[in-house]
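For reference, the structure discussed in these notes is given below.
The numbers here are math on the coordinates, done by the rules we state, and not lab data. Fair warning: this is a prediction, and the values are worked out from it, not measured in the lab. Don't worry about glycine lacking a Cβ; one is built from the backbone with ideal geometry, like all the others, and counts go over all protein chains shown.
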């Protein structure tokens with residue numbers, strides 16, 4: 001199972017911002033069982049199916065813009081939601097990050113071996 005975790009700086013769903021997002025995780029990105037989760041204080045409701053979900057986030061020391069053409073929210077709670085990804089994931093490399101640009105959360109997690 002492949003897992004990609006992003007610390008997002010901006011998130012938009014169907015053109016509207018989703019504020020308070022702390023972590024976006026994508027699972028099985030190279031298969032037909034693509035799905036993900038978002039930890040946020042503004043979760044979408046179970047049953048929502050729309051898109052695109054577009055975010056800019058840090059992974060593996062690089063800044064990426066990721067576009068999910070459509071998502072289908074399967075589970076939601078006060079802390080976030082899980083969703084199925086419909087269609088191909090598009091990743092665009094924006095930049096290589098410098099360590100001083102990383103925030104305190106990313107810096108402290110990298111001390112434990114996490115990469116963003």
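Things worth noting here:
- Using a Förster distance of 30 Å, the FRET efficiency for residue 79-residue 2 (Cβ separation, nearest 0.05): 0.80
- Relative compactness, region 3-110, computed as alpha-carbon Rg over 2.2 N^0.38 Å: 1.02
- Inter-label distance, residue 72 to residue 41: 3.2 nm, where each label sits 7 Å from its Cα along the C-beta direction.
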